[in-house]
Every structure is written in C-alpha cells, then in structure tokens.
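**Q** There's a structure below that I have some questions on.
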Amino acid sequence: MTEKQQALLQSAQTLIAAHGLTGMSTAKIAAHAGVSEALIFRHFKSKNGLALAVLSAGERARAGLIYGFLNDADPTEVLRSFTSIQLDKFKNSPDLLAWIAMIRITQEDLVRREMDSFVMERLRWAISSVGHGSEEAVARTAVEVLERTLLLAFHGDEESSVLCLRGLRELLINE
C-alpha cells in the first residue's frame, strides 16, 4: 500500500470510528488525509471500495487483538477471557482504531455483517460446553455485546461498557 493509500485508510478509520460511514463523505476523508478526493477513486474506486479496505483492515486488527483471548482449553476460561476484553487493554494498539471503524461500518450496514469464523467456532464450543443451548444465537449475541461495549468505551462511556461486559459474563458463566 502506498503512503497516500495508507493516509487515506487511516483518515477513513479515524473519521468512521468517530462519526460512522454514512455521515462521512469522501471529500472529508480526503481533506483529513491532506490529499485530493480523486485519489480515493484512483486507489479504492469508490467510497464503498474504501469502506471494504477499512473492513479488511479491521478484521485483521480484531484477529490480532483478540484471538489470544480465545485459545484456552477450558471453555469457562474462554468465556471469562472474552467477557474481560475491554478497550483499555488496547489503548496503545494502533489496531484499535481499525477495529472500531470496522464495528461502526458493520453496525450501520448489516448486509456486510460477517462473523469471524474462528471467534464464532471458539465461542460456540465454549458456550455449548458450559451447558447453554442455542450456541449460535448466544455466540452472535456475545459478539454483538462485546462490540457495543467497545463502542461505548470508545465514545467515553466506560462505566456502561464495564457493566455490559459484567452482565454478559453473568449470563454466560454465572459469575
């Protein structure tokens, strides 16, 4: 990726994380990056192409940030670790913004919504192992709650974020 493409991607991530995709124009993204709007169309073909690049970067970022939380052999520990993922654990990570931008895009446009297969497989296994039925629905709900808590914390509501994760832990493993 060229330096200008990287600048556009980082600007898109910053603005989308803060304001969402629907409220963001290519002109604003280009201005934030300090380049011409035409470069977005040259490098990414369209606003949608740029959004797909943001999604791809966010998926890689999420994988790098949370896969380690899901590798325990004890299903209860997997769920405990998953429900302990909080924004402050990633504050110094350059990947955090990419993940937050991805969450914003997927929450605005549910057609693009794809659950990470590794995350879902580990959560379904852990959830069924601790005795919950409907492990697919519970796993999807757990991912949605985690993503919403990260957005709450990103936008300054740390208290609600922590309470949501505590509630999720209580529902999943009764602690």
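Computed from the coordinates by the stated procedures, all read-outs in this text should not be read as laboratory data. Keep in mind that this is a model prediction, so the values were computed, not measured. Backbone-built Cβ (ideal geometry, glycine too); neighbour counts: all protein chains shown.
**Q** Pairs on different chains or at least eight residues apart, Cα atoms closer than 17 Å: how many lysine pairs in the chain fit?
**A** Lysine pairs, 8 or more places apart or on different chains, close enough: 5.
**Q** Counting only C-alpha contacts under 8 Å and six or more residues apart, can you give the relative contact order of the chain as a whole percent?
**A** After rounding, I find 23 percent.
**Q** If you wrap a convex hull around the alpha carbons of the stretch 1-49, what volume per residue comes out, as a whole number of Å³?
**A** 61
**Q** Would you please report the Å³ per residue occupied by the convex hull of the alpha carbon atoms in the stretch 64-160?
**A** 102
**Q** Also: Kindly put MET120, MET1, MET102 in sequence by how many other C-beta atoms sit within 10 Å of each C-beta, fewest to most.
**A** Ranking MET120, MET1, MET102 by Cβ neighbours within 10 Å, fewest first, gives MET1, MET120, MET102.
**Q** Rounded to the nearest 500 deg cm²/dmol, what is the calculated helix-only ellipticity per residue at 222 nm for the chain, with -39500 (n - 2.57) per DSSP H run of length n ≥ 4?
**A** So the calculated ellipticity at 222 nm is -23000 deg cm²/dmol.
**Q** If only Cα atoms are counted, what is the Rg of the stretch 3-173, and what is its Dmax, in Å?
**A** 17.1, 55
**Q** Provide GLU135, GLU3, GLU170 in ascending order of the number of other Cβ atoms located within 10 Å of each residue's Cβ, fewest first.
**A** GLU3, GLU170, GLU135
**Q** Here is a follow-up. Anything in the chain that counts as a DSSP H helix reaching 15 Å or more along its axis (C-alpha) with Kyte-Doolittle mean of at least -1.0? List them, would you?
**A** Sorted by number, the helices that extend far enough and score high enough are 3-19, 47-66, 95-108, 117-129, 135-154, 158-173.
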